[in-house]
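Enquirer: Before I ask anything, here is the structure I am working with.
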Amino acid sequence: MLDLQYIGDTKWSSYYLVPLPFINSTNRMVLPSEFIPLPKLLIVEDEFLIANDLSRMLQKAGYQVVGTAASVAEAKAMVTQQTPDIVLLDIFLNDDQTGIDLANWLNEQTVPVPFVFLSANLTDSILEVAKVTQSFGFLNKPFREKDVLTTLEIARYRHAHSEEARLRQQQAVQIAVNNAIVTIQDRDQLCRAIADQINKLVPFSFLNLRIGLPDEVSFYWLMLAKTDVNTFERVNLAMLLRGEVEEGLIQKLDREAPDRLGEEQGVFTGDAFDQLCERYITARSCRDNFGVRSLVLFPIQLKRKAFTTIILSSIRADGFTQKDYQAVNLIAPQIALALDNLLAYEEIEARRQTKTTELAIVNAFQNGKDSHAIIPQVAAIINELMPFDLLAVYRIGRLLESAAIDMAVQKQGGVFVAITEKDVVPQTLADQASWKQALADMETWLVEPAINVGQQFVDIQQRSVVSRFYAEALGLKSSMYVPIFSKGKPIAALILASKAAYAFTPKDLCTLQDISVELALALENLSAYERIKVLSEHLEQEKTYLAEEIKTSHNFEEIIGTSSSMQTVFNAIGQVAPTDYTVLIMGETGTGKELIARAVHSLSARRDRPVVKINCAALPAQLIESELFGHERGSFTGATEKRIGKFELANGGTLFLDEIGELPLELQAKLLRAIQEKEIERVGGKGVILINTRIIAATNRNLQQEVAAGRFRSDLYYRLNVFPIVVPPLRERQEDILPLTMHFLQKISKKLGKPITNIANASLQQLLQYPWPGNIRELEHVLERSSILSQSATLTLAEPLRAATTAFPPFVVQSSEEVKSIDDAMRLAILAALAKSGNRIRGTGGAAELLNIKPTTLEARMKKLNISAYQQPGS
């Protein structure tokens with residue numbers, strides 16, 4: 001077997017055998033050349049005889065001669081068509097170009113072609129020039145076959161080992177570059193590291209790195225200048241482009257490239273560089289401002305969609321060669337890997353920062369502060385992610401008259417402070433209908449996310465007077481906004497604005513949309529919290545107000561009345577209130593029986609417990625039992641849940657049974673049991689419930705007559721009539737009319753906002769002479785109606801008061817002398833009510849109100865009894 005070792009591809013064949021001597025079976029040493037395929041040769045010689053003789057000599061030795069060329073141009077054409085393994089090159093050619101020129105061209109090829117010089121007169125000066133080309137050998141004319149073959153053998157060996165060394169060197173450089181830059185996660189640091197590694201391979205004066213991300217509409221451009229001590233300093237791009245581009249183009253450098261120089265590639269020197277400067281302003285700026293005379297551009301292929309270019313510049317006209325381009329291009333994959341890693345890291349970091357911002361916003365809304373304290377904090381949080389100068393929240397779905405920016409904060413000295421419309425907009429402008437309409441019109445375009453930079457910002461100012469005014473007042477030059485959705489509907493818009501013309505990118509808009517999702521939830525929670533807070537405060541105010549009302553309006557000491565009859569009532573209240581006995585309050589409608597009941601409760605030991613009222617005439621008979629005693633779930637149709645009755649609610653307090661005379665007869669027995677046994681049973685219940693409730697009842701009926709007529713249980717009457725209090729009608733306490741009038745006028749004046757301080761004497765005389773069938777309630781209503789129509793501080797009655805046509809018997813407890821039928825009693829009651837009301841059925845003081853029944857019910861009974869509205873009693 002042969003002792004062969006494969007070391008990889010060479011430029012001569014698909015394999016190469018390391019020249020190791022070895023002994024065959026005949027004990028003869030076999031030279032390495034016997035196993036190595038001989039290379040293809042190109043002869044460049046302008047003397048035909050020498051070229052022909054050399055070709056026959058080489059072919060005889062087994063070499064393949066691909067052709068002979070007599071000039072540099074012919075040789076280049078042959079090399080381009082079929083690359084030889086070695087070129088035998090005459091230094092002196094009868095041509096404009098010499099063999100030295102061809103040698104340099106061979107070295108500049110993507111894969112350099114080795115060559116051996118041929119010369120008849122090899123002087124020392126020529127030898128020095130030839131050495132620079134790094135030739136693989138020299139042959140002097142005339143040639144001896146042995147010398148030619150030996151030189152070629154040496155050239156083959158040197159080239160094989162130089163290629164291996166070159167590959168190892170390339171691999172070492174790639175590893176070094178990879179180790180130096182692949183883990184760097186900062187753009188500036190990475191650019192400096194790339195510049196340092198390239199400078200070790202190819203010296204340069206300036207380095208430019210351009211990264212364009214079209215999906216994000218962003219552009220990154222860094223330029224470094226090499227110092228005398230081989231360090232790198234960042235170049236201000238505004239200084240580079242001064243005088244070449246407009247100020248607006250410089251402000252857009254973070255969004256787009258100033259030209260398309262990055263699309264070029266290759267080496268540009270001499271005329272090619274001048275032509276490049278004519279086409280691209282950045283190349284021209286480098287030449288004019290920094291003295292650059294040559295460029296080399298390297299496109300870098302990244303995994304994501306990006307346009308990335310590295311540009312090396314030199315102040316030397318011959319600063320770069322194709323060999324330099326190949327050297328730098330060798331480490332392009334390592335640079336691409338480092339940039340891919342950097343962009344991936346930045347994307348992950350951006351997502352992390354967005355999530356951190358969202359969490360910080362949620363936390364800001366959880367501190368219990370109101371929106372005016374939270375919004376500046378939220379603005380500071382978002383500003384760390386994307387700098388801006390103004391944040392505003394516009395509520396969508398508002399009324400025109402309330403149209404205004406809800407909350408706005410402006411950056412002042414690095415701190416966000418709240419500003420209002422009054423701080424920016426003059427009041428004369430803010431009050432104009434056109435300004436309010438312009439604010440309302442903003443809603444139509446704020447429901448769609450948008451970025452306004454450059455010309456777009458100018459256009460939106462033309463569309464909206466509000467945008468134009470705020471931009472001019474605050475110096476704003478760009479903006480973006482996103483709608484905030486709640487339950488699929490836009491509820492607000494988040495607006496960011498900046499004093500920089502190109503402050504925002506589509507990537508910023510996407511980030512702001514992500515933030516708006518969390519912001520929507522936070523705003524919903526804040527809105528709910530503020531509503532609860534407002535309602536709680538309102539409820540607390542109502543509680544305080546009602547407590548004061550009870551103290552002032554429902555305390556018997558505040559009941560207005562100095563007449564002897566009222567003093568009798570006050571004495572009775574004072575006597576019975578401290579006890580737990582049942583009280584029956586009797587009196588005509590409108591005399592204030594409920595006030596008396598509350599006064600009794602306020603002076604009792606149960607004052608800290610509630611007083612629960614139920615109007616026995618206001619509920620249908622089917623519901624009164626459930627209201628009084630409660631019911632269990634499913635006890636009747638519609639009883640979907642358990643209900644606690646008024647007796648249980650009033651346990652430990654007072655139960656006020658108003659209009660007790662209207663209680664259906666079938667429920668009177670249950671009420672009697674509750675009062676007598678101190679226990680109740682819910683509708684559908686299975687057991688009794690013990691209660692401790694004081695009963696106060698009130699009626700405008702004569703219960704003795706109701707008992708006699710069989711409409712009220714006598715045993716219940718006696719249970720209720722433990723301590724009767726008769727409230728006198730207003731006609732029996734004329735001395736109280738004037739104090740009551742002044743009290744009501746003060747109350748009505750405050751309610752209407754009118755300064756009514758007195759009453760005309762003629763009107764007062766009417767009040768004193770009128771019999772007041774509706775008592776105090778009627779007096780209050782008469783004063784309210786007159787106050788509404790009053791045009792001065794002195795009240796005059798709106799219309800004359802008509803005196804009653806019948807006398808009113810005093811409300812006393814008396815025995816029944818004669819029992820009449822129900823229809824007769826009803827007829828008399830209806831006729832008496834019609835007489836009192838002046839034949840009016842409806843309205844205040846009407847017959848229906850006097851009888852305490854609905855007007856429709858009264859009309860039905862009148863029709864049944866054949867009573868006309870103008871019929872007189874007894875007819």
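Enquirer: Work through the residues other than V683 whose Cβ is under 12 Å from its Cβ and net out their charges, Lys, Arg +1 and Asp, Glu -1.
Expert: +2
Enquirer: Could you pull out the pairs from K40/K60; K355/K499; K252/K499; K40/K131 whose alpha carbons sit more than 19 Å apart here?
Expert: Beyond 19 Å: K355/K499; K40/K131.
Enquirer: Can you sort L801, L526 from fewest to most other Cβ atoms within 10 Å of each residue's own Cβ?
Expert: L801, L526
Enquirer: Before anything else, pin down the relative contact order of the stretch 80-137: Cα pairs under 8 Å, at least 6 apart, normalised by residue count, whole percent.
Expert: Averaging sequence separation for qualifying contacts and normalising by length gives 38 percent for the stretch 80-137.
Enquirer: Where Lys and Arg each count +1 and Asp and Glu each count -1, what net charge lies around R633 among other residues with Cβ under 11 Å from its Cβ?
Expert: +1
Enquirer: Sticking with this structure for a sec: Along the positive direction of the dipole of the stretch 370-531 (beta-carbon charges: Lys, Arg +1; Asp, Glu -1; about the Cα centre), which of S486, I451, L474 reaches farthest?
Expert: Farthest towards the positive pole: I451.
Enquirer: Can you sort T80, T794, T354 by how many other beta carbons sit within 10 Å, fewest first?
Expert: The fewest-first ordering by Cβ neighbours comes to T80, T794, T354.
Enquirer: Would you please give the FRET efficiency between D824 and T356, computed as 1/(1 + (r/R0)^6) with r the Cβ-Cβ distance and R0 = 60 Å, to the nearest 0.05?
Expert: 0.10
Enquirer: How much length would be gained if the chain were fully extended between L665 and K499, taking 0.36 nm per residue of separation minus their Cα-Cα distance, in nm to one decimal?
Expert: That pair, L665 and K499, stretches by 51.5 nm at full extension.
Enquirer: To continue, here is another question. Treating only the Cβ of Lys, Arg, Asp and Glu as charged (+1, +1, -1, -1), what charge dipole size does the stretch 820-875 show about its Cα centre? Round to the nearest 20 debye.
Expert: 80
Enquirer: At a 10 Å Cβ-Cβ cut-off, how would you order K836, K751, fewest neighbours first?
Expert: With the fewest neighbours first, K836, K751 line up as K751, K836.
Enquirer: On a straight-distance basis, which lysines could pair with K303 in a cross-link, Cα separation under 24 angstrom, same-chain partners fewer than 8 positions away excluded?
Expert: K507
Enquirer: Still on this structure: Report the one residue of L240, I381, H601 whose Cα lies farthest in the direction of the positive end of the charge dipole of the chain (charges on C-beta: Lys and Arg +1, Asp and Glu -1; origin at the Cα centre).
Expert: The listed residue farthest towards the positive side: H601.
Enquirer: Could you pull out every one of the lysines with an alpha carbon less than 20 Å from that of K836, ignoring same-chain neighbours closer than 8 positions?
Expert: K854, K863
Enquirer: Give the relative contact order (percent, whole number) for the chain; include only Cα pairs under 8 Å separated by 6+ residues.
Expert: After rounding, I find 6 percent.
Enquirer: Taking 8 Å as the Cα distance limit and 6 or more residues as the minimum spacing, I'd like the relative contact order of the stretch 820-875 as a percentage.
Expert: 35
Enquirer: Taking K and R as +1 and D and E as -1, what net charge do the other residues with C-beta under 15 Å from the C-beta of F206 add up to?
Expert: +3
Enquirer: Within 10 Å, count the other beta carbons around each residue, average over each peptide in 849-860, 418-429, and list them highest first.
Expert: 849-860, 418-429
Enquirer: For E632 and A61 in the same chain, what is the full-extension length gain: residue separation times 0.36 nm, less their Cα-Cα distance, in nm?
Expert: Extending this stretch completely gives an extra 193.4 nm.
Enquirer: Can you tell me which of 586-593, 54-61 comes out highest on packing, and rank the rest after it, using the mean Cβ neighbours within 10 Å?
Expert: Per-residue Cβ counts within 10 Å, averaged per peptide and sorted highest first, yield 586-593, 54-61.
Enquirer: For A77 and A450, compute 0.36 nm times the residue count separating them, minus their Cα-Cα distance, and round to one decimal in nm.
Expert: 128.4 nm
Enquirer: Continuing with the same structure: Which residues in the stretch 599-632 have a backbone N closer than 17 Å to a point placed 7 Å from the Cα of D580 along the Cα-to-Cβ line?
Expert: Only 601-612 fall inside the zone, counting backbone N under 17 Å.
Enquirer: What does the highest-first list of 571-582, 272-283 look like by mean Cβ count within 10 Å?
Expert: Answer by packing, highest mean first, reads 272-283, 571-582.
Enquirer: Hey, another quick one. Round to the nearest 0.05 the FRET efficiency obtained for I175 and T227 when R0 = 22 Å and r is the Cβ-Cβ distance.
Expert: Here the calculated transfer efficiency is 0.20.
Quick note: the coordinates plus some simple rules give every number you see, no bench work behind them. Because the structure is predicted, anything quoted here is derived from the model rather than measured. Cβ atoms come from the backbone with ideal geometry, glycine included; neighbour counts cover every protein chain shown.
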